[in-house]
Amino acid sequence: ATARNHQGAVTTLMYSCDPLFSVGTSGGLLFTGSADRTIKVWDIWGDQQQEETCVQTLVGHGATVTAMVDSGYGSIITCACDCTFRIWQPLAGREMLLHAFFSCTQTVSLAPSGSESWANSMALMGSGINQQWSLYVGDAVGHISVFQHRNGTSEGSAAAPPPDMKDLVLHQAWTHLHSLGVTALELVIEHNFLISLSFDCTCAVIDASTGTPFLKVENPRHVRYTGVVWDSHQDQLILCDHAGYFQAWNTFTEHVIASRQVVTPMDVHSPAVVRGGAHARAAALLPAVTNLTWLYPGTLICLRPQQGSMQQWKVSSNSHGCFAPVAAEKQPPWASQ
């Protein structure tokens, strides 16, 4: 799908099945953040004949939106290059409408690791009832900061408001993991580890409690990893990179299960790109594939920035065919190959 309503590059992607968000839909909602400083909310399960599925635009950030997380409390948290975090919640009293209508309920400035850099990525642990609430933030200088609620726990039901972000305090700062900015974070709660990607072309698998890395993957193609998800059904780490490759890793045996180039990147020096002028050259410099996120078990979606589209992929445990594109006739209107 082309996110037609965005006026800049799509920088972050999140899919949520929170029932508080899906008032009139049969599935969840897709959220996209962009360099145009907005977040778009998409009903991808609505009218299959309707080309435009954007149901709301969230405005408030003063710079590129870099990351989003689902709080688990009926809200989402976003961060941007303006060094702010925002909490967005559906307005009450609108239950009869087809879609939830989001409003910013809190804006907080947090300095990751005590520096003046902005947050590039986030991961949240402890959403739910009486859980330790920890927010992991990867910043533009390569540090990962762990913020915790001042009271240590967050009480209330899963539908209650999230802990007041103004009460977050810096608990730990890990400055030894990456030499360049952190671009993505993924929590694997069942194994208590955190996965981080960086502009230094590495992926680190870290103990989520201590920050101790136990696996460091350097991309053999010397390009940065652009997306990461954990496959809990197959217990494997899935990565994508700037050159259009998908990789599946077994983090326990520390070896690659499968690797496949799913998208061929544009050649900036090709005649077609040269003839296309400045716009085509700028597109050729974008990653071939990025921003992995699960749509439902066994199926993920990714962005293809050079084509301005999204695509669905099936994931299996078969090492000879671990990644398979969803057939064109089974793609919904918002996805294209």
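Every read-out reported here was derived from the displayed coordinates using simple, explicitly stated rules and does not represent laboratory data. All values derive from a computational prediction rather than experimental measurement. We place every Cβ from the backbone using ideal geometry, glycine too, and count neighbours over all the protein chains shown.
Using the per-residue mean of other Cβ atoms lying within 10 Å as a proxy for protection, in what order, highest first, do the peptides 254-261, 193-200 fall? All intermediate terms of the calculation are to be shown ahead of the outcome.
Working: 254-261: 14.6, 193-200: 23.0.
My ranking of the peptides, most packed first, is 193-200, 254-261.
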Formal net charge of residues neighbouring LEU194 (Cβ-Cβ distance under 10 Å; K, R +1; D, E -1) | -2
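Report the gain in length on full extension from THR57 to HIS222: 0.36 nm times residue separation, minus Cα-Cα distance, nm rounded to one decimal. Display every interim value, and only then the final one.
Numbers: separation 165, 0.36 × 165 = 59.40 nm, distance 3.65 nm.
This chain segment gains 55.7 nm when fully extended.
Hey, with R₀ at 30 Å, roughly what FRET efficiency would LEU91 and VAL169 work out to, going by the Cβ-Cβ distance, to 0.05? Write out the running numbers ahead of the final one.
Working: r = 30 Å, r/R0 = 0.99.
For LEU91 and VAL169, the calculated efficiency is 0.50.
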